[in-house]
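The structure appears right after this line, and notes come after that.
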Amino acid sequence: MQARAGSAAGAAALAATKQHPAAASSLFALLSLSLLLLRLLLRLRLAAFRDAALTLHLLARLRIRPVTLRLPGPHATTLRVWCPASPSGKPPPLLLHGFGGDAKWTWARNLAALSRSFHLYVPDLVFFGSHSRSASPLRSVAFQARCAADAMRLLGVGRYDVAGISYGGFVAYRMAAVEARESVARVVIMTSGVAATVQEMGELAAREEMAVEEALLPDSAAGLRRLVHRSMHRPPPWLPDFVLHDFIQLMFVDQRKERTELLRELLRSGAGIDPLPALTQKTLVLWGDKDQVFPVDLGYKLHRHLGKKSRLEIIKDAGHALQLEGADKVNSFIKSFFLDERDEPEFGTT
């Protein structure tokens with residue numbers, strides 16, 4: 001009985017479609033338009049949605065809030081720092097990101113784990129993100145180090161550890177050596193070519209077979225896909241163009257000129273200290289054994305340069321984006337190193 005009713009209804013609908021072809025055509029047009037609008041919505045909002053989700057996670061789950069500081073100096077400079085909303089007795093490390101993204105995106109897989117043990121300070125370096133800006137003509141690592149050190153002073157943090165990855169590793173090293181030497185207790189340098197000579201930096205840039213800003217600040221889906229594959233040993237298997245374009249608009253358009261100048265200055269001067277001093281602080285060097293941006297040989301070189309006050313840890317099956325691909329190991333190493341109260345930790349290479 002029900003089957004006959006269903007057949008009758010289907011026949012009636014088919015008959016109605018035949019009798020009213022314009023209505024059927026409108027229905028299919030509306031369905032197609034709805035699908036197109038949904039696709040456009042996803043294309044326009046995917047990276048922005050992820051960015052908003054990261055912000056919500058920091059604010060609601062981790063209780064970490066953004067503070068925008070006006071730094072001292074002759075040129076107007078602001079720095080945005082993510083820090084806990086309330087005071088605590090936890091140790092206060094400073095985490096410095098690289099060129100691949102801002103603070104939220106770089107440390108997305110580290111902040112939850114590290115915030116359980118630390119009172120984190122996580123800035124967007126100058127010319128990264130929409131709030132960290134400067135009218136200064138300076139583009140040196142020394143300028144970035146001075147800004148980060150000034151921010152910590154304004155926040156009332158007199159003594160702290162610092163960890164930096166890639167470009168952030170240059171800034172961390174410079175802070176520990178010069179701008180915040182008396183304030184920095186321990187240092188973690190991750191996949192950073194700080195020990196490379198100017199000639200070696202030039203050779204690394206020449207391998208890209210394109211201008212360094214095109215390689216590290218891509219403006220096309222193909223360029224960003226290439227960068228992801230260079231930075232990760234196990235890149236995501238699915239990277240559609242519309243997602244990559246969305247990320248480029250979010251991360252690589254604003255202040256692109258200033259970041260290009262940062263890159264060129266980095267190639268010319270490195271950390272800006274010649275000869276590079278060995279740090280007086282105890283230093284942990286972390287490297288991925290599959291790093292294609294700064295080869296692992298530079299990790300060994302930095303470890304030899306720092307001598308007995310350093311320890312080198314090589315993380316297997318991880319590329320340049322070490323904090324993402326080896327997040328659990330990176331979090332564990334940072335936690336044990338910064339919380340270690342022994343006068344003389346074990347040094348060497350693992």
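The values are calculated or read from the model by the stated rules, or taken from the named source; none is laboratory data. Just so it is clear, the structure is predicted and the values come from calculations on it, not from any experiment. In this analysis, Cβ positions are derived from the backbone assuming ideal geometry, glycine residues included, and neighbour counts consider all displayed protein chains. Note: areas computed on protein heavy atoms with side chains; ligands, DNA, RNA excluded. Shrake-Rupley method; radii C 1.70, N 1.55, O 1.52, S 1.80 Å.
Calculate the FRET efficiency for residue 297 and residue 53 from the Cβ-Cβ distance with a Förster distance of 45 Å, rounded to the nearest 0.05.
Working from the Cβ atoms, E equals 0.75.
With a 1.4 Å probe and every protein chain left in place, work out the accessible area per residue of segment 166-214 in Å², rounded to a whole number.
Heavy-atom SASA per residue in segment 166-214 reads 37 Å².
Nearest 0.05, what FRET efficiency do residue 289 and residue 332 give at R0 = 22 Å with Cβ-Cβ as r?
0.85
Please identify the trypsin sites (Lys or Arg not before Pro) of segment 134-215 that satisfy two criteria: DSSP loop assignment and at most 13 other Cβ atoms within 10 Å. Which are they?
Filter output for segment 134-215: 159.
Expressed as a whole number of Å, what is the distance separating the alpha-carbon centroids of segment 238-270 and segment 155-202?
Result: 22 Å between the Cα centres.
What does the charge count near residue 68 come to, summing +1 for each Lys or Arg and -1 for each Asp or Glu among other residues with Cβ under 12 Å from its Cβ?
Residues close to residue 68 contribute a combined charge of +3.
Report residue 333's accessible area, 1.4 Å probe, all protein chains in place, as a number in Å² to the nearest 10.
Rounded to the nearest 10, that gives 50 Å².
What is the gain in length, in nm to one decimal, between residue 157 and residue 229 on full extension, counting 0.36 nm per residue of separation less the C-alpha to C-alpha distance?
22.1 nm
Once neighbouring chains are kept in place and the probe is 1.4 Å, which whole percent of the accessible area of segment 134-249 is contributed by carbon and sulfur?
Here it works out to 54 percent.
May I ask for the net charge around residue 260, where only other residues with Cβ less than 12 Å from the Cβ of residue 260 are counted and Lys, Arg are +1 while Asp, Glu are -1?
-1
How far, in nm, would the chain grow between residue 197 and residue 60 when pulled straight, counting 0.36 nm per residue and subtracting the alpha carbon separation?
44.9 nm
Which net charge results for the neighbourhood of residue 272, defined as the other residues with beta-carbon distances under 15 angstrom from its beta-carbon, given Lys and Arg at +1 and Asp and Glu at -1?
Residues close to residue 272 contribute a combined charge of +2.
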